[in-house]
Amino acid sequence: MARPMQVSRYWRHFREKYRLIGGKCENGHVHFPKREVCPVCGSRNVEEYEFSGKGKVISWTIVRNPPSGFEYYKPYPLALVQLEEGPVVLAQLTDVDPEEIDFGMEVEVVTKKIREFEEDGIILYGYKFRPLVK
Amino acid sequence: MRKAVIIGAGMTPVGEHWKLGLRDLAVEALLNAMDDAGIDKVDSLYVGNMASGSFVEQENLGALIADWAGLGNIPAVKIEAACASGGAAVQEGVKAVLSGLEDVVAVVGVEKMMDAWPSDATRYLAYAADAEWELFHGVSFVALNALVMRYYMKAYGYTEEDLALFAVNAHINGTKNPYAMFKKPIKVETVLKSPYIADPLKLFDASPVCDGAASVIITTPEKAKELGIPKEKWVEVAGMGRAIDTINLANREDLLTLKAAKVAAERAYRMAGVTAKDIDFFEVHDAFTIMAALSLEALGVAERGKGAQLAKEGQIAIDADYPIQTMGGLKARGHPVGATGVYQTVEAVLQLRGEAPSQVPDAEIGLTQNIGGTGSNITVSIFRRV
Ligand SMILES: [Zn+2]
């Protein structure tokens, strides 16, 4: 397979992915990821908004047949997490027993390795969610 | 306003075509459709295809297929809307005819998937998701649909068994279709015992990776008459609609509403002057059993949360009130992604001509619905017997 990954493709999203930064429009609508145009009201006056990183699992699955590039990590849990501020984020769950995942499970964001490429390739990091450490 | 009729339909069997390449499949289907109409030239070609560049390192399909089919220096382009590419190509062909710029238009949908490694095929299909915010995290299309399936089951109290009924129904209808990839009936247990690909979604909830091509020829009634096409061949394109939704599943206002299908269906019903009750059969996009349930709801056939209930009540069988997947659907006929919407169109044409292998009695109006992405790009078309 050709190498589709350019480093620039990833560093341009470092802040959003490491700090969970989305957008908030002038009318207070928050969304993730940040967009030029507010998906609720259409306002173009959108500022960065940092989410707390706490949320609840609203649905999940276990990826057993991943796309190429992710085979090494299978099986891995993937979830839709509703952040406490409202927006839903798709991400992998980590540090969790798949049997323990349930609707409404409280989770928090953590920066983790997402995948590696060939020996001389880059290593991608990003957000995952883990059960809330109280 | 001009009207559009389909005067020719052709396809290749769906399956693992180890001896045939993308151009072979496309040309075969296209020539079959032209032979069916009895014509040897067209004004233009629209190719429905999702990911030929990824699967077989071939883009510029308009030139490739028109050239190899011997169509001369006509305009020819590829139309891409993920798994809804075929449905979109049919609609672009219809629009070309309705616009008055082109009189006889060919549409071919083609996908050659088996030349790729399975995990690469999974990756290429996931290119229809959001690359930065979904694929980055290791999603597959199966996984995205599994997230919706679990949410749906929880919301309305359905079981994996309930959703399996859609696969069972598709296989029953596929048994009679000589072009179907799977011609064997299955039981609910077959689905339940198949392995999880992305829990709670199992192998038999999903349509297969495969190869295939299908084609239709579109013109106006006036031109069809002029060309001497017998009226038994004609099927009217009565209505159509198309709409998008957020590309990222997580950004959906409501995970359990295929809003794009709802909007597209409203447009198509309005254009055709019909409602869901007038439709005699529905070719819906059952790439996954959950999508069949949600599609029936979005099309107004079932109320919200009642899509799977229709299957439980036996209302989706060929001789019931709301027949779906009359020739096997994506599950049993197969889902060569960019070709699927054109297969659905060919199947609607056969039903409305009364030539289908498992015929819906007295079918007069049929609907096709083709989904791209996780519901992010959807076409709905309505066809009527002439
Ligand atoms: Zn806003």
Collect residues whose amide H, placed 1.01 Å from N in the peptide plane, falls under 5 Å from the amide H of A:ILE114; neighbours closer than 5 in sequence don't count. A:LEU124, A:TYR125, A:GLY126
Please list the radius of gyration and Dmax for the protein assembly as shown, considering alpha-carbon atoms only, with Å as the unit. 22.9, 78
DSSP bridge pairs, chain B: antiparallel proportion in percent, nearest 5: 75
Local electrostatic count at A:GLU108 - Lys and Arg +1, Asp and Glu -1, tallied over other residues with Cβ under 11 Å: +2
Tell me the label-point distance for the pair B:GLU364, A:ILE123, using the 7 Å Cα-to-Cβ offset, in nm and rounded to one decimal. 6.8
Let's test this: bin the Cα-Cα distances of segment A:6-131 at 10 Å from zero up to the farthest pair and state each bin's percent. 13, 37, 34, 14, 1
Under a plain spin-label model, where a point goes 7 Å from the Cα along Cα-to-Cβ, how far apart in nm are A:LYS112 and B:LYS312? 3.5
Sorted by chain and then number, the residues having a modelled amide H within less than 5 Å of the amide H of B:GLU111, at least 5 places away or on another chain, are B:GLY212, B:ALA339
Under a Cβ-Cβ cut-off of 13 Å, what is the net charge of the residues other than A:GLY55 that fall near it, where Lys and Arg count +1 and Asp and Glu count -1? 0
Summing -39500 (n - 2.57) over every DSSP H run of at least 4 residues in the protein assembly as shown and dividing by its residue count gives a helix-only mean residue ellipticity at 222 nm, to the nearest 500 deg cm²/dmol, of -8500 deg cm²/dmol
Taking a virtual spin label 7 Å from the Cα of A:PHE103 along the C-beta vector, which residues in segment B:126-161 bring their backbone nitrogen under 12 Å of it? B:150-159
Between beta-carbons, use under 15 Å as the cut-off and find the net charge around B:VAL191, counting Lys and Arg +1, Asp and Glu -1. -1
Convex hull over the Cα atoms of chain B, averaged projected area in nm²? 16.6
Amide H to amide H, which residues 5 or more places from B:HIS17 or on other chains are under 5 Å from it, using H placed in the peptide plane? B:ASP211
Going through the cross-link list A:LYS24/B:LYS154; B:LYS231/B:LYS262; A:LYS112/B:LYS259; A:LYS34/A:LYS112, which pairs have a Cα-Cα distance over 28 Å in this structure? A:LYS24/B:LYS154; B:LYS231/B:LYS262; A:LYS112/B:LYS259
With just the Cα atoms defining each centre, how far is segment B:212-231 from segment B:308-373? Give it in Å. 22
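Since every read-out is calculated from the coordinates, none of them should be taken as a lab result. No experiment lies behind these values; they were computed from the predicted model shown. Glycine gets a Cβ as well: all are built from the backbone with ideal geometry, and neighbour counts include every protein chain shown.
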